[in-house]
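Engineer: Got a structure here, written out as structure tokens. Questions coming.
The values are calculated or read from the model by the stated rules, or taken from the named source; none is laboratory data. As the structure is a computational prediction, the values presented were derived from the model and not from experiment. As a convention, Cβ positions derive from the backbone with ideal geometry for all residues, glycine included, and neighbour counts pool all protein chains shown. Ligands, DNA and RNA are stripped out before the accessible areas are found, and what is left, the full protein with its side chains, is counted by its heavy atoms. Shrake-Rupley method; radii C 1.70, N 1.55, O 1.52, S 1.80 Å.
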Amino acid sequence: MAEVEISQLHKTYPGGGRPATRDVSLTVADGEFMVLLGPSGCGKTTLLRMIAGLELPDRGSVRIGGRDVTYRAPRERNLSMVFQSYAVFPHKKVADNIGFGLAMRKADRAVIQDKIAWAAGLLQLEDYLDRYPSQLSGGQRQRVAVARAIVMEPDVLLMDEPLSNLDALLRLQFRAELKKLLTDLGTTCVYVTHDQVEALSLGERVAVMKDGEIVQCGPPMEVYDSPASEFIGGFIGSPPMNFLDATLRRDGGEAVIEVAGQRSAAPGSWAAFAEGPVRIGVRAETITAHRAERSGALRAVTEVAEPLGSTTLVTAVLGEQRIKVQVPPDFPVGAGDDLWLDLRADRLSCYERDTGRVLVSDR
Ligand SMILES: Nc1ncnc2c1ncn2[C@@H]1O[C@H](COP(=O)(O)OP(=O)(O)OP(=O)(O)O)[C@@H](O)[C@H]1O
Ligand SMILES: [Mg+2]
């Protein structure tokens, strides 16, 4: 096992125009599960391939376990990679697929058999060892790919959207299995996905990428609760975070926000910010809705209520802005109903109107 340290990795493909990654730095701790998350084309695969040695950077460095491997061949890095397409050999049985890398390394036959049995046990493939990949389901095939990666006992496991070819139910099941397996093994893991739910559920930390850069990196709930920009808050979470045009004011020593001509309390620390136009970020589930007037709550009108089973999602109109609010499934509300929304001050984030960047105070 090993720490992965990438420093200032920059890559432009020949004829590619814009850089695929821009001076990206990131340290993945020994045994950590790091997820790279971002929209299509933001540079996730490029970054992973540079860690793997399948792509060379224009500049910057990759260190694995303290050793500079930037210009070392993939096989000198002791890592394994699992791809989106189940890259298993169709003409080899499951057992031979799993043992392939070890056979190439000319490992002892008995050792190979032991390792195959071990990995097949972990991934519940014992009953399929004599089958060909064409005789397996998609989920089983992807388990073979993971088994083949882990028998190599790599220092680092790299995975590029390994679940994206599975249907929704299999994905859910395999996600939990993968999390348990990798936690048990304690292998350093870099996992690429553009699925924010997968990122939140799997990662010990999530690095959010945009246009070739890491724009935020932290534990999932930190990224979810306190996104560093509007882009991140809009990308992570379903529904995405609400963003409202508001004006920040000081009333006595207290910070307040004005939205659609109404006032609501702001966190005390916001008194340090300049008064004026801002954007307020608030998650649907942190708002408390009431059907009767409440002091300090903002009056809105229900546009639509969508029952989702465990909760109901209400879209309400606040002045000229829309806001999504999560209410209990038995909450009596329908289109046209008045609502009073309590935006809990301690759950608000404040963003610069022009740049969408979060404002932070030292208090
Ligand atoms: N071989 C290549 N030649 C030229 N440009 C490339 C090549 N591979 C990727 N790119 C470009 O580099 C940028 C980053 O691509 P990359 O594959 O790393 O994105 P990604 O985040 O993995 O996207 P996705 O979620 O769609 O897989 C994109 O603009 C892409 O068009
Ligand atoms: Mg990709």
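Engineer: Can you list residue pairs whose Cβ atoms sit under 7 Å apart, with the first residue in the stretch 38-59 being at pLDDT 95 or above and the second being of a type in the set (G, A, S) and within 13 Å of ligand 2 (Cβ to nearest atom)? Count only pairs 6 or more apart in sequence or on different chains.
Structural biologist: C42/G212; G43/A20; G43/G212; K44/G38; T46/A20
Engineer: Condition first: part of a helix (DSSP H, G or I), modelled with pLDDT of 90 or more and over 29 Å from L47 (Cα atoms). Can you find one or more residues in the stretch 135-146 that meet it?
Structural biologist: yes
Engineer: Taking the stretch 17-72, which residues are under 23 Å from the mean Cα position of the chain (by Cα), assigned to a loop (DSSP other than H, G, I, E, B) and either among the aromatic types (F, W, Y) or more than 11 Å from ligand 2 (Cβ to nearest atom) (or both)?
Structural biologist: Answer for the stretch 17-72, where residues must be under 23 Å from the mean Cα position of the chain (by Cα), assigned to a loop (DSSP other than H, G, I, E, B) and either among the aromatic types (F, W, Y) or more than 11 Å from ligand 2 (Cβ to nearest atom) (or both): P19, A29, D30, G31, E32.
Engineer: Further question on the same structure: Out of curiosity, is R322 open to solvent by 80 Å² or more (accessible area, probe 1.4 Å), farther than 15 Å from T286 by Cβ, under 29 Å from the mean Cα position of the chain (by Cα) and assigned by TED's automatic domain parsing to the domain that holds H290?
Structural biologist: So R322 passes the test.
Engineer: Within the stretch 181-190, does at least one residue satisfy the condition of being within 16 Å of ligand 2 (Cβ to nearest atom), touching a residue at least 40 places away in the same chain (Cβ under 8 Å) and surrounded by 22 or more Cβ atoms within 10 Å (Cβ to Cβ)?
Structural biologist: Yes, some residue in the stretch 181-190 is within 16 Å of ligand 2 (Cβ to nearest atom), touching a residue at least 40 places away in the same chain (Cβ under 8 Å) and surrounded by 22 or more Cβ atoms within 10 Å (Cβ to Cβ).
Engineer: Any residue in the stretch 258-274 that is in the same structural domain as A300 (by TED's automatic domain parsing) and in a loop (DSSP other than H, G, I, E, B) sitting within a Cβ distance under 8 Å of a residue that is aliphatic (A, V, I, L, M) and open to solvent by 30 Å² or more (accessible area, probe 1.4 Å)? List the pairs, counting only those 6 or more apart or interchain.
Structural biologist: Close Cβ pairs (under 8 Å, with a partner that is aliphatic (A, V, I, L, M) and open to solvent by 30 Å² or more (accessible area, probe 1.4 Å)) amount to F273/L359.
Engineer: Identify all residues within the stretch 6-46 that are charged (D, E, K, R) and within 12 Å of ligand 1 (Cβ to nearest atom); write none if there are none.
Structural biologist: K11, R18, R22, K44, listed by residue number.
Engineer: From I232, I214, which residue is at pLDDT 95 or above, within 16 Å of ligand 2 (Cβ to nearest atom) and not aromatic (F, W, Y)?
Structural biologist: Within the list I232, I214, the selection yields I214.
Engineer: Output yes when any residue across the stretch 59-68 is more than 10 Å from ligand 1 (Cβ to nearest atom) and touching a Gly at 6+ places or on another chain (Cβ under 9 Å), and no when none is.
Structural biologist: yes
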